[in-house]
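Written below as structure tokens is the structure these notes are about.
The values are calculated or read from the model by the stated rules, or taken from the named source; none is laboratory data. All values derive from a computational prediction rather than experimental measurement. Cβ sites come from the backbone with ideal geometry, for glycine too, and all protein chains shown count toward neighbours. Heavy atoms of the whole protein, side chains included, go into the accessibility calculation; ligands, DNA and RNA do not. Shrake-Rupley method; radii C 1.70, N 1.55, O 1.52, S 1.80 Å.
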Amino acid sequence: MPVVEKQRSDVILQYLRPKKKFPSVWCPGCGNGIVMGALIRAIDKLGYKRDEVCCVSGIGCTSRMPVYLDFNSLHTAHGRALAFATGVKFAQPNMKVIVITGDGDALAIGGNHFIHACRRNIDITTILINNFIYGMTGGQGSPTTPAGAFSTTTPYGNVEKQFDPCGLAQAAGASFVGRSTVFHTPQMEKMIMAALEHKGFSLVEVIANCHTYYGRLNKQGDPVAMVNSFKENAVMLGKAQTMTPDQLKGKYVIGTLHENKEATEFCDEYQKVVDVRMAGGKAR
Amino acid sequence: MPTPKRKLLQGNIACVQGALYAGMRFFAGYPITPSTELAEGSSRELPKIGGRFIQMEDEIASIAAVIGASVSGLKSMTATSGPGYSLMVELIGYAYITETPCVIVNVQRGGPSTGLPTKVSQSDTMQARWGTHGDYTAIAVAPSTVADTVTETIRAFNLAERFRTPVTVLLDEVIGHSRELITLPEPGEVKIYNRVKPTVPPEQFVPFVMTPNGVSPMASYGEGYRYNVTGLTHDTMGFSTNRADEIFPKLDKLRNKIMNYTDEITKIRVEMMDDAEIAFIAYGSVARASLQAATLARQAGVKVGVIQLYTIWPFPDKEIQQLTERCKAVIVGELNMGQIVTEIRRILPRELPIHTMQRYDGDILTPMQLLEKLQEVL
């Protein structure tokens, strides 16, 4: 094993829960593990204290991630991670709060919480692993299942249209929005670092493979074939800006898509109110 | 001599005052009649003491934020009415299984569905016990006056902290919107209970450890105890389990930590029961009408008394059984189609006549209506 690889896995092992029963619930080759590795390396490089990191999640394959990580962890109910995380962050504004979610969790049952967390621009980093399908319940269609794609609840092809999580987040007020894929791990790692360091609501959407359900039902092959397809279909933002909508069909635009460093952050704004009231300020 | 804190307060605002006295530092809520003054009052008062108020996007988000804040160490509350409580029940179940202290105020209005938004009701009494799915043991308290609302809200926080569990305060529209002159307790006058914190070093911390009284010391996020909180049925380390030898103890703990200590939870008020042949059993705003009816009946020489339930859940079985031993009949007034009366039928002997006086048109039960019922019974 090359030395570099050994060092990397050592870092990962340091951040896994020593008392948790492994293996994980994820299928061999699942993209979730790649994202977990990138998240660990990002946090390690930023040097955050583990006690000051809180990972919050909902329900689904992706949402199991916080349970494996040696931080404060809150594994909640389906769709509600951002609402719980809002409580944690607002109660402890110095906590680095990270929400780990999937496309069904964040955009279907949790869609309302998603847009409102963006609107408040509360300082939470959300990593949305988008695999276009419900994995844990066995391959049903999700809000990001492409039109025409097959799932166990779209057996004749999906008649619905898909959400663009990044466009949705930006329109709703998120101040940092980026997209990567599980092929582009160095980029993903840097993007997660930038999102964590960003003050305000940050979204990192990671396109990932669910070969077990999405890949199999749509004849996209094994994990390697699927990850390779992300490589082939990803387009950097700069290049995408020179392409026509037709040329961009079926492509994933990757990179930091939106960043606003001027936007005020929810907890900061509330603290200003507290400071005035505690000093005996008069109501209007 | 210091001036007592006499104040003319609305029930909903008294509830906020009680919560602040108990140490509430976080409120998340969503506007809904007839509870909205609780959110408004909290939004005014909390910033003044460094607390936090947030209006969430719905009731589900409100209870989620409350639980997140409680795990982060703040005493937390939300308030709503029937439709909002219905939305919250899934996550109230999350608070049960994760043993997270929090207070949920339900200012009851008529239902089902949107029902009677501005009208009084007691039709969520059973929902407070059985609202969320699965097996669990609930605590719910029911004030009947504005003054009660202060003490019962304080008690709700104390019970939540003592037993690491969500506690429901069952208000109703009449109490929530009544204004009465009350005296707020002085600091230190009422004992305030805070959750037990772990004393072991982090490496020895077992977040859901079995203890003699069933309540595990609770660490807040950020205190150095990095542990897992999950709505999945979990082992003592907080990790999900499918093992019978871990599932049984966990669910037994949820029940036993409360049911083995009902003496600390049960609170009833007993009036004129020493020689009573007939007992009014009531809670919430109906308890006031029952007291008035009994007082008037006594003046006419009728031996009637009142048992008022401050603790609705766990149901005070043995207290009611003992108090009604010499009674010839009981009258249960409720603003619903008969909810608590089913509990009373469950615990009292079959021979004892149980009469009901039920109103579910959104209006109050008056003392005169209860007196008419009493005349029928006599």
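Before moving on, here are some points about what is shown:
- Counting only residues that are in a loop (DSSP other than H, G, I, E, B), within 23 Å of A:Phe22 (Cβ to Cβ), within 10 Å of chain A (Cβ to nearest Cβ) and touching a residue at least 24 places away in the same chain (Cβ under 8 Å), segment B:203-231 holds 4 of them.
- Those strands (runs of 3 or more DSSP E) lying entirely in segment A:67-131 with at least 1 residues open to solvent by less than 10 Å² (accessible area, probe 1.4 Å), touching a residue at least 24 places away in the same chain (Cβ under 8 Å) and under 24 Å from A:Pro18 (Cβ atoms): A:96-102, A:124-130
- Looking across segment A:236-284, the residues that are of a type in the set (A, V, I, L, M, F, W, C) and touching a Ser or Thr at 6+ places or on another chain (Cβ under 8 Å) come down to A:Leu237, A:Ile254, A:Ala263.
- Residue match in segment B:293-308 (condition: touching a Ser or Thr at 6+ places or on another chain (Cβ under 8 Å), crowded, with 18+ Cβ neighbours inside 10 Å and among the hydrophobic types (A, V, I, L, M, F, W, C)): yes
- Taking the numbered list (1) in a helix (DSSP H, G or I); (2) under 25 Å from B:Val107 (Cα atoms) in turn, B:Arg269 passes all entries but (1).
Here is a yes/no grid of residues against (1) more than 21 Å from A:Ile34 (Cβ to Cβ); (2) part of a helix (DSSP H, G or I); (3) under 23 Å from the mean Cα position of the chain (by Cα):
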position: A:Val206; (1), (2), (3): no, no, yes
position: A:Tyr214; (1), (2), (3): no, yes, yes
position: A:Glu232; (1), (2), (3): no, yes, yes
position: A:Thr244; (1), (2), (3): yes, no, no
position: A:Val274; (1), (2), (3): yes, yes, no
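- Some residue of segment B:355-368 being assigned to a strand (DSSP E or B), under 21 Å from the mean Cα position of the chain (by Cα) and surrounded by 20 or more Cβ atoms within 10 Å (Cβ to Cβ): no
- Every listed requirement among (1) in a strand (DSSP E or B); (2) open to solvent by less than 30 Å² (accessible area, probe 1.4 Å) is met by B:Ile97 save one, (1).
- Residue match in segment B:169-181 (condition: in a loop (DSSP other than H, G, I, E, B) and either open to solvent by 20 Å² or more (accessible area, probe 1.4 Å) or away from chain A (no Cβ under 12 Å) (or both)): yes
- Taking first residues from segment A:258-284 that are within 24 Å of B:Met56 (Cα to Cα) and charged (D, E, K, R) and partners that are open to solvent by 80 Å² or more (accessible area, probe 1.4 Å) and modelled with pLDDT of 95 or more, the Cβ contacts under 7 Å between residues at least 6 apart in sequence or on separate chains come to A:Glu265/A:Lys199; A:Arg277/B:Lys48.
- Restricting segment A:55-66 to residues that are facing chain B (nearest Cβ under 9 Å) and over 17 Å from A:Leu16 (Cβ atoms), the residue that is surrounded by the fewest Cβ atoms within 10 Å (Cβ to Cβ): A:Ile59
- Which listed residue is in a helix (DSSP H, G or I), within 11 Å of chain A (Cβ to nearest Cβ), more than 17 Å from B:Thr153 (Cα to Cα) and among the hydroxyl-bearing types (Ser, Thr, Tyr), from B:Ser43, B:Ser86: B:Ser43
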